[in-house]
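Please read the structure below before turning to the comments.
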Amino acid sequence: MRVAAIIVAAGRGSRANPSGGAAVQPKQYAQVGGRAVIAHAIEAFDRHVAITDLIVVIHPDDAAHCADACPPSSKLATPVFGGSTRQGSVLAGLEALTGRLAANDLVLIHDAARPFVDGETISAVIAALSTSQGAVAASPVADTLKQASGSLIVTATIDRAGLWRAQTPQGFHFKSILDAHRLAAEQGLHDFTDDSAIAEWAGLQVKLVLGSEGNTKITTPEDIAMADLRFARGTSTMETRTATGFDVHKFADGDHVWLGGVKIPHSARLDGHSDADVALHALTDALLGTIGDGDIGQHFPPSDPQWKGAASILFLKDAARRVSERGGKIINVDVTILAEAPKVGPHREAMQATIGEALGLTAGRIGIKATTTESLGFTGRREGIAAMATATVQLPSTDAS
């Protein structure tokens, strides 16, 4: 399943311009924390392991701004031009994804002016789509609400029970939200305030997901100043962490081994509760080590029957999710396999592709090496295979304890 993210950045942001007109530089390209607002939003989705595709919808006049501001990403497609309304811009983004996504794939729609979205919120929206046709990050209304007349005289106090403030991302099954947007456009309805409103109008079930109070939207010049201050206080400061992993499995009767997520014919199999993929086990532990989150045995104990025969790529994806939810970005990984046989070289590219898909990395950031132990030790006696791995990630420094 593919999960795409549309970053909506085609607005003019007049409220962010003190003069009240269209901003010379729209708010999504304003500098906060030394980078454009949109760059922070894009990076949050780019480093999330579940996101496979990224597309930015921009105003036709902003191509140069976007080229300067958007960070490099293997997930990021060529920007598309939006419409005269946010609704039209989202539809343009959805249409641009029609060749990439299948009907049941997922799409998350996010405002470029929300640079503080975190991995945990993104994960929660994606998870909610397993049981609902739509999901919206939101926070409960905490303030007392007043209704007033045109002359600002209070006419009523509104019961805030059950009221929520909608945020983004808002997630949907791709075909469902595409059909809803197309139908609204065909009927000349252009005044929906967000995508969940269109989904509700189309009869889709939409679930609220508790978002972060920090996931604020930049609207005014004061918001830009406050966002810059938040980043200056360390929100955007990243630190680099490196950790290692090691695993061993002995041989048993069989005709293949799993290494690096690839099934390789062999005269024996590796013995273990799961598929005994020593390379992925070592790499999983290395990723967990970067965030100090235990080891593979803690999260997937051999005593639990649900993991019997499980594909180890599931463990690796879970470790990557844990890194992502801490706001982390995986920079590169490296695996060394210690074995007399089978040969790893013919399968290196397949391993890189499998690991890359799981971690959102290109092959150039995935090292796969193999060595013998010159007939010494248990690997030299062909009694089993060992693997060691390292992982390097970037994490917000405020995550350190």
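What follows draws every value from the coordinates through simple rules; no lab data is involved. Everything quoted here is computed from the prediction, not taken from an experiment. Backbone-built Cβ (ideal geometry, glycine too); neighbour counts: all protein chains shown.
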Longest exposed-site-free window of the chain, the sites being GluC sites (Glu not before Pro) in a DSSP loop that have at most 13 other C-beta atoms within 10 Å: 1-212
Helix 221-230 vs. the chain, principal-axis angle (Cα, 0 to 90°, nearest 10): 30
What's the magnitude of the charge dipole for the stretch 3-235 around its Cα centre, counting Lys and Arg as +1 and Asp and Glu as -1 at the beta-carbon? Answer in Debye, nearest 20. 220
So what's the back-of-envelope 222 nm ellipticity for the chain, counting only DSSP H runs of four-plus at -39500 (n - 2.57) apiece and dividing by all residues, rounded to 500? -8000 deg cm²/dmol
Mind checking which of 46, 293, 318 has the largest fluctuation in a GNM of the chain, springs on alpha carbons under 10 Å? 293
Using +1 on the beta carbon of Lys and Arg, -1 on that of Asp and Glu, and nothing else charged, what's the dipole of the chain about the Cα centre, debye to 20? 260
With the chain treated as a Gaussian network of Cα nodes joined by springs under 10 Å, which of 12, 114, 321 yields the largest mean-square fluctuation? 12
May I ask what percent, to the nearest 5, of DSSP beta bridges between residues of the chain are antiparallel? 65
Using the alpha-carbon atoms, what tilt in degrees (0 to 90, nearest 10) does helix 278-290 show relative to the longest principal axis of the chain? 50
Work out the charge dipole of the chain with +1 on the Cβ of Lys and Arg and -1 on the Cβ of Asp and Glu about the Cα centre, then indicate which of 76, 229, 272 is farthest towards its positive end. 229
Just need the relative contact order of the stretch 3-235 here, percent rounded to a whole number, with Cα pairs under 8 Å and 6+ apart. 25
Using Cα atoms only, what is the angle between the long axis of helix 119-128 and the major principal axis of the chain, expressed in degrees (0 to 90) to the nearest 10? 90
